[in-house]
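Encoded as structure tokens, the structure appears first; notes follow it.
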Amino acid sequence: MDYKAFFAEVADWIIQANHMATNHGMDSDVFWKWVMDSTAAICEKYGNNQLVLNQMVMLFHWLEGFYAESVKRN
């Protein structure tokens, strides 16, 4: 597996996630569908490697936690 390529893709994904959240809102179905579809696509691209799966699940939980905190503040 090309770890350098994978982690570069993770960095790009985070930027895209921020863009999607800004444009659609974290409370939108569009945002969460993009999160699910894009994480699945990355996992499949790297053959569902366990490191990739764990990383993408962690990023999902990170977004979920960020969203939960923003809801509490508002």
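The values are calculated or read from the model by the stated rules, or taken from the named source; none is laboratory data. What you see is a predicted model, and the numbers here were worked out from it, not measured in a lab. Cβ placement follows ideal geometry from the backbone for every residue including glycine, while neighbour counts extend to all protein chains displayed. Accessible surface is based on the protein model in full, side chains and every heavy atom, while ligands, DNA and RNA are left aside. Shrake-Rupley method; radii C 1.70, N 1.55, O 1.52, S 1.80 Å.
Phi angles across the stretch 13-19 convert, under the Karplus curve 6.51 cos²θ - 1.76 cosθ + 1.60 with θ = phi - 60°, into 3J(HN,Hα) values of 4, 4, 4, 5, 4, 4, 5 Hz, Gly and Pro given as x.
Phi-derived couplings, Karplus 6.51 cos²θ - 1.76 cosθ + 1.60 at θ = phi - 60°, listed residue by residue for the stretch 54-64: 4, 5, 6, 5, 4, 5, 4, 5, 4, 5, 4 Hz, with x used for Gly and Pro.
Measuring nothing but protein heavy atoms, the accessible surface of the chain at 1.4 Å probe radius is 58 percent carbon and sulfur. Taking the Kirkwood radius as Rh and the Cα radius of gyration as Rg, the chain has a ratio of Rg/Rh equal to 1.00. Rounded to the nearest 10 square angstrom, residue 52 shows an accessible area of 0 square angstrom against a 1.4 Å probe.
Surface analysis of the chain yields an accessible area of 66 Å² per residue, using protein heavy atoms and a 1.4 Å probe. Rounded to the nearest 10 degrees, the angle from helix 29-45 to the longest Cα principal axis of the chain is 10 degrees. Compared with the alpha-carbon gap, the fully stretched path from residue 54 to residue 8 is longer by 15.0 nm at 0.36 nm per residue.
I'd like the FRET efficiency for residue 71 and residue 29, computed as 1/(1 + (r/R0)^6) with the beta carbon distance as r and R0 of 22 Å, rounded to 0.05. Between residue 71 and residue 29 the formula returns 0.90.
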